1. With 20 Å as the cut-off, how large is the P(r) tail for segment 106-259, expressed as percent of Cα-Cα pairs?
2. For segment 56-119, what does the alpha-carbon gyration tensor say about shape, rounded, prolate or oblate, given a ≥ b ≥ c as the root eigenvalues, a/c under 1.5 as rounded, and a/b over b/c as prolate?
3. Go through H158, H252 and list them by solvent-accessible area, largest first, probe radius 1.4 Å.
4. Counting heavy atoms of the protein chains only and a 1.4 Å probe, report the per residue accessible area for the chain as a whole number of Å².
5. Could you pull out every residue, at least 5 positions away or on a different chain, whose amide H is within less than 5 Å of the one on C64? Hs are placed 1.01 Å off N in the peptide plane, and Pro or chain starts have none.
6. Tell me the label-point distance for the pair T267, E34, using the 7 Å Cα-to-Cβ offset, in nm and rounded to one decimal.
7. Which of G245, V101, F126 sits closest to the plus end of the dipole of the chain, meaning its Cα is farthest towards the positive end, when Lys and Arg get +1 and Asp and Glu get -1 on the C-beta?
8. Going by the alpha-carbon gyration tensor, a ≥ b ≥ c the square roots of its eigenvalues, is segment 29-179 rounded (a/c under 1.5) or, if a/c is not under 1.5, prolate (a/b greater than b/c) versus oblate?
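The values are calculated or read from the model by the stated rules, or taken from the named source; none is laboratory data. Because the structure is predicted, anything quoted here is derived from the model rather than measured. Quick reminder, even Gly has a Cβ in these numbers, built from the backbone with ideal geometry, and neighbours come from all protein chains shown. For the accessible areas, the whole protein counts, side chains as well, though only heavy atoms, and no ligand, DNA or RNA atoms are used. Shrake-Rupley method; radii C 1.70, N 1.55, O 1.52, S 1.80 Å.
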Amino acid sequence: MIGAIDIGGTKVAVGVVDSDGRIVRRAECPTAPERGFPDGLGRTIGMLREVAANAELQGIGIGCTGPVDPFTGVLGSVDLLPSWQGGALVAGLAEAFHVPVAMENDADAAGLAEAVWGQGRGKRRFLYVTVGTGIGVSIILDGALYRGVDGSHPEIGHQVIDASGPPCYCGARGCWESLVAGPALLAYAKSRLGDAALTGARIAEMAEAGDPAALAVMERQGYYLGLGLANLVTIFCPDMIALGGGVMQSSHLFLERARQVIRQCCTMVPFEKAELAMASLGADTALAGAAQVWHYRFGATRQTNAV
Ligand SMILES: [Zn+2]
């Protein structure tokens, strides 16, 4: 059994995960970053102790939002958790539980879970893309997680798609996330439909009912999603791109448009071999991912070149 911890901007989830990626027990609480890192660490330890009361934990894996240092186990400058910056999460948990602890960025954690237990099984060149509050991408080649210099996580959600697009907090204009992530979709729909009270669910309903303005919003969503995916297909020539995250729950309204863009833009590579599939672990992805982070770093099946 592995203790799994998923740290997001709004909530911390913990669970106990078996060796097949099944979540045996779970609990969650608000992240409440304003209460500071020591308070957050203390609550996380308390919750994990409770859910793991009858389990013997072999180790603990963590998926955490934002830039993290996977080797020192320290949090970087996390926009969503400003008061947690510099927090030694891995060391704190190792001290409390006396087991090996590993941490990755949450997109990489989810990608590892999909690669081993989900849609990416047996795919040698596998990309996982999650579209929710932001966009996260994980690159897993021959079972090894791709890392940048110093263990950094490539921020493919911030690739520029439209240089005259809306400004993003990253410093660029028109990056993928600022056009396609949930808040961007909602902001565009509100301005296009002139309805400040619009919700994501309502736009989807309207598009399903054939409302022309809502359909135009979905056409734009498919177009920009498709451009970013087309860049990935052209650059990586992957076997598969698996798509997850909250926004993808409405994928039936825009994914065909994205496929069209890929067919149109990726003629220099075997784009038809790049399978575009929905991620398969659903609501369990984050905790399964955190557990897979531990297996990937310390487990018996890890590949020797894969740390
Ligand atoms: Zn950006």
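1. Details: 5800 of 11781 pairs.
Taking all Cα-Cα pairs of segment 106-259, the fraction more than 20 Å apart is 49 percent.
2. Oblate.
3. Correct descending sequence by accessible area is H252, H158.
4. Working: 13600 Å² over 307 residues.
Normalised by residue count, the accessible surface of the chain is 44 Å².
5. I7, E104, N105, D106
6. Each label point is offset 7 Å from its Cα along the Cβ direction, giving 5.5 nm.
7. F126
8. On the way: a/c = 2.18, a/b = 1.35, b/c = 1.62.
It comes out oblate by the Cα gyration axes.
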